[in-house]
Structures are given as structure tokens and as C-alpha cells.
Amino acid sequence: MIDLRSDTVTQPTEAMRKAMMTAVVGDDVYDDDPTIRELERFVADLLKKEAALFVPSGTFGNQLCLMTHTKRGDEVIVGHDSHIMAHEVGASAVIAGVQLRQIESSGGRFDIDTLKGYIREEDIHYPDTGLICMEQAHGDGSVMPIDHMKKIYDLAKEHDIPVHLDGARLFNAAAALDVKACELAKYTDSLTFCLSKGLCAPVGSMVVGSKDFIKRAKKYRKLMGGGLRQAGFLAAAGLIALNEMVDRLKDDHDLAKYMASKLEEFSNIEVIKDRLDINMVFFKMTGVDEEQFISDMYDKDIKINGTEDGEWRFVTNHDVTKEHVDYTIETMKALI
């Protein structure tokens with residue numbers, strides 16, 4: 001099957017499978033897993049932060065950071081179309097007990113004057129602004145400039161508010177901007193990134209921040225059910241992901257642009273060209289029955305998702321080749 005639904009669908013590489021099979025492990029809740037420790041040290045050094053923590057998923061990591069940064073009843077400023085807002089099942093209300101204040105977002109960018117007005121003043125009637133969240137790369141396929149991240153971070157520091165970055169595809173953003181990932185981490189107090197999005201690891205994400213923040217987060221991780229005991233089997237794949245899969249992300253980006261150019265040949269397809277920064281192609285398509293089209297594509301060995309807000313999304317990844325893209329395009333031509 002050719003799977004274009006997401007970059008989370010990749011299979012672990014042979015090197016990952018071998019590393020997992022031979023990993024030296026211990027009980028991570030007791031700090032006894034050497035492979036987890038190695039991964040956490042590696043990530044902290046890579047992003048030039050004090051400490052890092054392995055967690056089961058990106059949503060887990062984001063919600064853990066919200067819980068660690070805030071107190072119950074705080075207000076967290078997030079983009080209206082952010083993953084934390086739209087795709088994490090309302091977890092912030094359930095887990096951290098905070099309310100989300102949505103600010104209009106365009107590819108993760110906020111108008112700075114608007115953001116300034118969203119920061120609460122000291123008033124008996126107002127919740128405290130406990131956190132500002134950014135997303136980079138954004139789930140809509142966009143990457144924001146580093147100087148915009150700096151403007152958000154500097155404003156937050158003026159008001160003594162921490163900044164969290166949902167960096168699920170942090171390394172895609174770094175590749176698109178042609179910078180090291182630590183340059184993006186610079187303008188954060190905490191950040192998360194996924195090992196299982198684009199990097200082929202089977203499970204896991206990382207939370208990164210100061211030593212004090214990670215110490216507190218580790219206790220909350222246990223509270224949330226994230227004490228994973230012999231998790232070094234998963235960390236072994238994560239180390240391979242960071243050492244061997246990061247540099248090839250540009251290949252996925254190039255393939256997405258190639259796919260977009262082919263989709264533009266269809267008279268009934270409109271490619272969203274200004275959101276082609278990473279490995280995602282968003283487009284609108286008329287004249288097809290959605291459920292039938294998905295079913296017909298599946299019958300031709302191609303897995304795709306349905307639309308969200310009227311847009312289709314195809315995602316390139318390690319397991320998708322140029323030949324797969326060409327086959328997909330020819331199949332679409334035949335079906336349409």
C-alpha cells in the first residue's frame with residue numbers, strides 16, 4: 001500500500017529494528033534505563049537546552065508542558081488553528097484545568113499587537129495568562145520565520161510569561177528554513193517534538209526545557225500514566241531516528257513539491273501553493289464523491305484521508321517514492 005495519510009504511518013527501518021532488539025534497558029521510573037538516559041542527553045545537547053524527557057506521544061508532551069507551566073484556572077494563548085486547540089480532544093481542560101484563548105493565526109504567525117492585547121492585566125475578574133504556545137512547523141504545512149518566533153518570545157519575556165513550542169515537526173521546520181533545530185529552540189521555555197513524525201521511529205516524543213522544568217514535568221508524566229518502565233527499546237529507535245533520518249527530510253519536501261506540480265495539471269484541483277514549506281500538499285478538488293474516491297483509491301492500493309475544512313492533504317514520507325507519486329497521479333487521472 002502507498003500511504004499518503006500522514007508521516008506517522010512510516011515503518012521503522014531495519015537499523016531501528018536491530019537497535020531495539022539489542023537495546024540495553026532498565027526501569028525508567030527508577031532512572032535505571034541507560035538507553036533512555038542516552039536519548040535524553042542527546043536531545044538536550046542537540047537543542048542546546050538543559051534537559052529532556054521521553055514521553056509516549058506529541059499530544060502527551062504538549063499537555064504535560066501545559067500542566068507543568070500553569071496552575072488550574074490559568075489562560076493559555078494558542079493559535080485558533082493550532083494542534084493544541086483543534087486536535088488534542090480538549091485535553092487542556094481535562095488535564096491541566098486551563099482555558100485556551102484563541103488568537104487568529106496564519107501559518108502559526110500571530111499579529112504582535114493583537115497578541116499584546118490578549119495578555120491579561122492584573123484584575124480580580126481576569127484569569128492569569130499562564131502560557132503562550134507557538135507551533136513550528138504548523139500543521140497547515142507552513143513554517144514561520146525565526147524572527148517572528150523571536151518577537152513572540154520577547155513579548156512574552158516582557159510580561160514574565162513562559163513560551164511553549166509545539167514542534168511536532170521541528171526538524172521539518174529547520175530543514176525548510178535551512179537552520180539547525182537549536183536555532184528554533186532558542187525562543188522557547190519548553191518544546192516538544194515527535195520521533196514518530198517523519199523520522200520513522202515507531203513510538204515517542206520528546207519534551208525539552210530547563211532542568212527544573214523537566215524535574216517537575218517528570219513527576220507529572222508519572223501522574224499522567226507515562227512511566228514506561230523498560231522504554232529503552234523505544235529510545236533506541238529514537239536515537240537512530242535523530243542520527244540517520246533528519247538529514248533526509250528535505251527529500252520529503254522536494255517530493256511534496258513534485259507531487260504538487262503534478263496535481264496542478266488537473267483542471268478540477270486547486271493546490272494551496274503558499275503552504276508547501278514541508279512535506280504536505282494541501283489542495284481542493286471538485287467533481288468527486290469523497291467517500292467513493294477514498295474507496296476507489298484504496299482499491300488501487302493507495303491510502304488517503306478525507307477532507308478537513310474542504311481541503312485534501314497528501315503527506316510524503318520515508319516510505320513514499322517518486323514512483324509512488326507518479327502511480328498515484330496516474331490512478332487519479334483514471335478515476336477522475
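Throughout, read-outs are computed from the coordinates displayed, never taken from laboratory work. Since we're looking at a predicted model, the values are computed, not measured. All Cβ positions, even for glycine, are placed from backbone atoms using ideal geometry, and neighbour counts span all protein chains on display.
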Counting all C-alpha pairs of segment 194-336, share separated by more than 23 Å (%): 49
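With contacts defined as alpha carbon pairs under 8 Å and 6 or more residues apart, what's the relative contact order of the chain in percent? Write out the running numbers ahead of the final one.
On the way: 650 pairs, mean separation 85.8, N = 336.
Relative CO of the chain lands at 26 percent.
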Charge context of E183, other residues only, Cβ under 14 angstrom, K/R +1, D/E -1: +3
As a percent rounded to 5, the proportion of antiparallel DSSP bridges among beta bridges in segment 14-245 is 40
Taking only Cα atoms of the chain, radius of gyration then Dmax in Å: 20.4, 64
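Would you tally the net charge around N172, using a Cβ to Cβ cut-off of less than 15 Å, leaving N172 out, and scoring K and R as +1, D and E as -1?
Net of charged neighbours comes to -3.
Given a Förster distance of 30 angstrom, what is the FRET efficiency for K18 paired with T307, based on the Cβ-Cβ distance and rounded to 0.05?
Values: r = 40 Å, r/R0 = 1.32.
E(calc), rounded to 0.05, equals 0.15.
Could you give the length gained by full extension between K257 and D319, i.e. 0.36 nm per residue of separation minus their alpha carbon distance, to one decimal place? The partial results should precede the final answer.
Numbers: separation 62, 0.36 × 62 = 22.32 nm, distance 1.64 nm.
Working it through step by step, the gained length comes to 20.7 nm.
If Lys and Arg each add +1 and Asp and Glu each add -1, what is the summed charge of the other residues whose beta carbon sits under 10 Å from the beta carbon of A235?
Numbers: positive: R37; negative: D28, D33, E38, E40.
Net charge in that neighbourhood comes out at -3.
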